[in-house]
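A short reminder: the numbers here are calculations on the coordinates, not readings from a lab. Please read all numbers here as calculations on a predicted model, not as lab measurements. Here the Cβ positions follow ideal geometry from the backbone for every residue, glycine too, while neighbour counts run over all protein chains shown.
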Amino acid sequence: MEKIISRLAEEVGAKMDIENLALVGIRRRGVELAARLQNILQKKTAEIPLGILDITLYRDDLSAVAKQPVVRETQIQFDLDGKDILLVDDVLFTGRTIRAALSELVDFGRPRSIKLLVLVDRGHRELPIQPDFTGKFIPTEKNQSIEVRLEEVDGEDKILLIES
Amino acid sequence: MSGWKRKDLLGLEELSAEEIEFILTTTASFKEVSTREIKKVPALRGKTIGSLFFEPSTRTRTSFELAAKRLSADIVNFSPSASSLVKGETVLDTGENLEAMKMDCFIVRHSCAGVVDFLAKRLKASFINAGDGSHEHPTQGLLDIFTIKEKKGRIKGLKVTILGDIRHSRVARSNMWGLLKLGARVTLCGPPTLIPPGIESTGARVTYNLKEALKDADAVNVLRIQLERQKENYFPSPREYSRRYQINAETLRWAKPDVLIMHPGPMNRGLEISSEAAECRNSVILTQVENGVAVRMAVLYLLLVGK
């Protein structure tokens with residue numbers, strides 16, 4: 001996984017304006033991934049701001065959920081206006097989380113651009129959303145699921161394909 | 001705890017410590033929303049909330065209204081003086097009529113204890129008790145506890161003094177239940193006539209002596225002296241009350257230097273609290289008001305999402 005992340009960081013460094021970059025991680029594992037990217041990218045440049053997004057309040061299925069999602073805090077302590085934002089998440093599936101994240105982000109300001117980085121793209125999009133940077137494309141069946149485990153949260157770096 | 005199961009929020013007495021903690025954790029997440037430039041999230045889009053205040057209120061009503069609006073819910077204010085209640089309609093009929101208009105939640109304040117409970121048992125909508133008689137005012141209790149926790153980092157083991165008219169105070173009751181469940185030591189203080197006999201059985205301590213009540217207290221919650229009830233002569237005169245129970249620079253010398261001074265409002269400056277005490281750096285009275293919106297957002301979210 002380390003290899004994938006440093007490759008992603010390299011691609012971001014090559015394709016984005018690092019001086020104007022701000023990272024936004026989507027809770028939960030997008031935050032740790034964004035922090036790792038920040039670590040690598042900051043070696044080449046000044047400090048890159050890192051924000052944390054909890055998209056729960058922007059979900060489109062809140063009126064239909066059976067089990068109530070726990071709300072956690074969003075922390076964006078920098079001005080988004082004019083910035084190039086790199087949105088970071090672990091797994092891209094239907095695209096609905098990213099839709100919610102985009103709605104929330106634009107309520108915080110007007111960035112110059114927003115790009116999307118995901119560690120794993122597992123397909124099955126329900127919305128017209130595509131990543132700009134992909135760590136790994138893993139073809140899956142709709143009833144399978146992908147679990148990303150990270151050292152900081154789960155004690156190990158691992159990507160698991162789970163049969164249901 | 002994985003989620004909220006109850007339809008209503010009627011009081012803190014019936015909640016478990018775990019449920020109270022869950023609301024407090026959720027509140028912390030909602031506090032950030034009010035600091036955004038766009039103070040609105042779409043979580044409760046399409047939900048309709050009715051606010052029924054059969055007793056006057058500015059703070060609580062406004063706080064609930066802001067909370068609902070910041071969650072994108074629609075809130076309808078219902079004022080009893082301009083309603084069919086004055087034409088003789090019963091409270092239950094009013095409730096049923098409003099529910100027939102497909103409302104999801106009602107926020108109710110009433111001068112009679114138990115009215116909210118009565119309606120909640122008979123109607124499908126969620127009910128939030130915004131104060132019923134001298135029974136409970138759960139969201140005030142929650143916001144007070146949240147404020148203490150935010151400032152002191154914990155509740156367990158703290159000594160919290162509730163001072164004043166305990167007898168008529170729903171704020172005192174909600175605070176007492178919530179704080180006791182979370183492991184605080186609660187002291188109730190006031191003139192003997194304003195402390196209900198036997199209240200020690202709840203686990204709270206009672207003292208009629210302010211000095212004793214303030215000693216070692218981490219927070220003192222100063223209740224409003226309800227002057228409108230003074231015709232019943234619970235104490236000889238407001239002046240005598242002030243002399244024995246007012247929180248001011250002098251009486252605060254009995255307390256710890258970092259004691260939190262709280263007041264649910266509206267204050268009678270110069271009666272139960274001096275202006276100096278209300279405005280000193282130990283005072284968290286305006287923080288309580290700020291936290292009130294976050295607590296009410298959390299409660300509305302928990303009651304209305306996933307049902």
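Arranged by the count of other C-beta atoms within 10 angstrom, fewest first, what order do B:117, B:258, B:144 take?
Listed from fewest to most nearby Cβ atoms, that is B:258, B:117, B:144.
Helix B:138-152 sits at what angle to the longest principal axis of chain B, using alpha carbons and giving 0 to 90 degrees rounded to 10?
For B:138-152 against chain B, the angle is about 50 degrees.
Just to confirm my numbers, what's the Cα centroid distance between the stretch A:120-147 and the stretch B:9-40 in Å?
What the calculation gives is 34 Å, centre to centre.
Quick one: putting +1 on the C-beta of Lys and Arg, -1 on the C-beta of Asp and Glu, what dipole do you get for the stretch B:138-288 around its Cα centre, in Debye to the nearest 20?
Here the size comes out at about 320 debye.
So which trypsin sites (Lys or Arg not before Pro) in the stretch A:67-116 end up in coil per DSSP with only 11 or fewer other C-beta atoms within 10 Å?
Sparse-neighbourhood loop trypsin sites (Lys or Arg not before Pro): A:67.
Divide by every residue of chain B the summed helix terms, -39500 (n - 2.57) for each DSSP H run of at least 4, and state the resulting mean residue ellipticity at 222 nm, rounded to the nearest 500 deg cm²/dmol.
Calculated from helices alone, the mean residue ellipticity at 222 nm is -11000 deg cm²/dmol.
Can you sort B:286, B:182, A:102 so the residue with the fewest Cβ neighbours within 10 Å comes first?
Ordered by Cβ neighbours within 10 Å, fewest first: B:286, A:102, B:182.
To the nearest 10 degrees, how steeply does helix B:285-304 sit against the main Cα axis of chain B, on a 0 to 90 scale?
Orientation of helix B:285-304: about 30 degrees from the principal axis.
Over the Cα atoms of the stretch A:39-87, what radius of gyration and what Dmax do you get, in Å?
15.4, 46
Give the relative contact order (percent, whole number) for the stretch B:138-288; include only Cα pairs under 8 Å separated by 6+ residues.
Worked out over the stretch B:138-288, it gives 24 percent.
Take every DSSP beta bridge whose two residues both sit in the stretch A:2-162, then give the antiparallel share in percent to the nearest 5.
20
Report the net charge of residues surrounding residue B:187, where surrounding means a beta-carbon distance below 9 angstrom and charges are Lys +1, Arg +1, Asp -1, Glu -1.
Summing Lys and Arg as +1 and Asp and Glu as -1 gives +2.
Tell me the Rg and the Dmax, in Å, that the Cα atoms of chain B produce.
Reported Rg and Dmax, both Å: 19.2, 57.
Hey, what number do you get for chain A at 222 nm if only DSSP H runs of n ≥ 4 count, each worth -39500 (n - 2.57), divided across all residues, to the nearest 500?
It lands at -8000 deg cm²/dmol.
Relative contact order of the stretch A:2-162: what whole-number percent is it, with Cα pairs under 8 angstrom and at least 6 residues apart?
21
What residue among B:19, B:65, B:232 shows peak mean-square fluctuation when chain B is described by a Gaussian network model with Cα springs under 10 Å?
It is B:232.
Could you tell me the distance between the Cα centroids of the stretch A:73-111 and the stretch B:228-247, to the nearest Å?
Using only Cα atoms, the two centres lie 56 Å from each other.
For the stretch B:100-134 and the stretch A:1-54, what is the separation of their Cα centres, given in Å?
The two parts, judged by their Cα centres, are 49 Å apart.
Roughly what % of Cα-Cα distances in the stretch B:138-288 sit above 24 Å, to the whole percent?
The answer is 22 percent, as a whole percent.
In what sequence do B:66, B:300 fall when counting other Cβ within 10 Å, fewest first?
Fewest-to-most ranking of B:66, B:300: B:66, B:300.
What is the pair-distance distribution P(r) of the stretch A:2-162, computed from all Cα-Cα distances in 10 Å bins starting at 0, with each bin given as a whole percent?
The percentages, shortest bin first, are 10, 40, 38, 11, 1.
Using 0.36 nm per residue, how much length does the chain from residue B:17 to residue B:258 gain when fully extended, once their Cα-Cα distance is taken away?
The span from residue B:17 to residue B:258 would gain 84.1 nm if fully extended.
From Cα pairs below 8 angstrom and at least 6 apart in sequence, can you work out the relative contact order of chain B, rounded to a whole percent?
20
Quick one: work out the % antiparallel among DSSP beta bridges in the protein assembly as shown, nearest 5.
Here the antiparallel bridges make up roughly 10 percent for the protein assembly as shown.
Give the percent of DSSP beta bridges with both residues in chain B that are antiparallel, rounded to the nearest 5.
Expressed as a percentage, antiparallel bridges in chain B total about 5.
Between 0 and 90 degrees, rounded to the nearest ten: what's the tilt of helix B:17-31 against the longest Cα principal axis of chain B?
Helix B:17-31 sits at roughly 80 degrees to that axis.
What translational diffusion coefficient, in µm²/s and rounded to a whole number, does the Stokes-Einstein relation yield for the protein assembly as shown at 4 °C and a viscosity of 1.567 mPa s, taking the hydrodynamic radius as the Kirkwood radius over Cα pairs?
Calculated translational D: 52 µm²/s.
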